[in-house]
Amino acid sequence: MTAGLPERLRAALVRSAAWITAAHGRQRRVQAAAAVLAFQGTAFILVANKLVLAHPAVFWGGVLMILAGAFLLVAPSLARPARPARKTLAQAAEARPLRPTLGDALIDRVTLGGRLTRFFPVFGALVVAFDILFNRYLTTSPELLSTDFVVLGLGAVLIAFPFFPETLLRERNFLLLFFAALTLVFGVPLLALRFGQDPYASVDEYTAAFLTPQLSFLLNALGTPNSYVSNILWYPDLTTGRTAAVYIATSCSGLYSMGIFMAAFAALVLTEYPRLTSRVAGLLGLGIALAYLANLLRMVIIVEVGEHYGSPALLWTHANLGDLIFLLWVAPFLWLTYRVLDPSKDEALEHEAERFRAALQEQGIDPAAVTEDDWFCAECFAKVDAPEPQGAAACPQCGAALG
């Protein structure tokens, strides 16, 4: 009997997943490309209705990019349906060879060892209800805006959290950490502003504090005289000989793209790595700092185009090249991250170190007492005498050559 369309589609997806995961290097490259797709798709959705060249195709293009990136990211799980579950930290510790990650430990602590997980749908429903009611009664417009999509996304993940299949628990943790980080970056400060300072405050307050003053400083340093008040920046338009002004809304400032990158990168590190080594922490800090600087560079280029070629050129550059300029930095950085910070390599090294420590303990040797003058067989870790200068000796335990 001929297989139906759903069966053929599922078989095609499994074959694609198997091809992606057939080679570890290929899988890492595909994951880097998937992260870029999902990152840019999310940015398109959040700012689609505020672009200079606004069009519904931008929103739906973002949805398609997220779906494509999501498939590529979950491909390893599709190819390995028998993947061990990691519901709690205790279960994660038993799920060898997958070790509990930083994200596992964080979620385990927040959920009190998994005891609060069954209440997550209730928490998620409360988050959704709060956002809708807040917009309805405590804001000037009930329209759902970018920050609302972030909060609603967190609520949706909380509702679905206990129902994820066991093969997608890493992806589930990534989504929770990603939307939680976005909410902390965009939602919580805005809520604090509205309740504590200005009930009509908007996300444009972020641009006024974290972008416009720094942009003005850089432009002055580059020889472009300018001034600013809040989100409005004045600069010389050399094509007209007059002073031009540009209002830098948060949706146009690149802060959404930067925030999405920071949240995604932090969630990626937390769900990929079992411990925060100096290398992982350094790259995480470097990524966040360089994301901010890359966005500043993007804005400098846009304003410089406006200065030398006029306001129409500024708008065209912002609409067509703004995200491309930022992506030209994000894509190589994500590729470098996937290439340099490969958790499988770190786990292999740590597993080898554990084997070495266990072998020392079996021989009655204190690992802390080992010095650079001590020699051990690389195969069985037996303690041996230093090899003779005239040639390689053999391990008395396993016969492996010593060099």
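Summary table below
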read-out: Overall dimensions of region 208-313 as given by Cα atoms, namely Rg and Dmax in Å; value: 17.0, 58
read-out: Gain upon complete extension [T139, A70; 0.36 nm per residue less C-alpha separation]; value: 21.5 nm
read-out: Computed Kirkwood radius, in angstrom, where 1/r is averaged over Cα pairs of region 175-268; value: 14.9
read-out: Global geometry of region 96-227, whether rounded, prolate or oblate, following the gyration tensor of its Cα atoms and the 1.5 cut on a/c; value: oblate
read-out: Fewest-first ranking of S257, S227, using other Cβ atoms within 10 Å as the exposure measure; value: S227, S257
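FYI, it's all coordinate maths here, none of it is from the lab. Predicted model only: the values in this text are computed from it and were never measured. Counting neighbours? That spans all protein chains shown, and the Cβs are built from the backbone with ideal geometry, glycine included.
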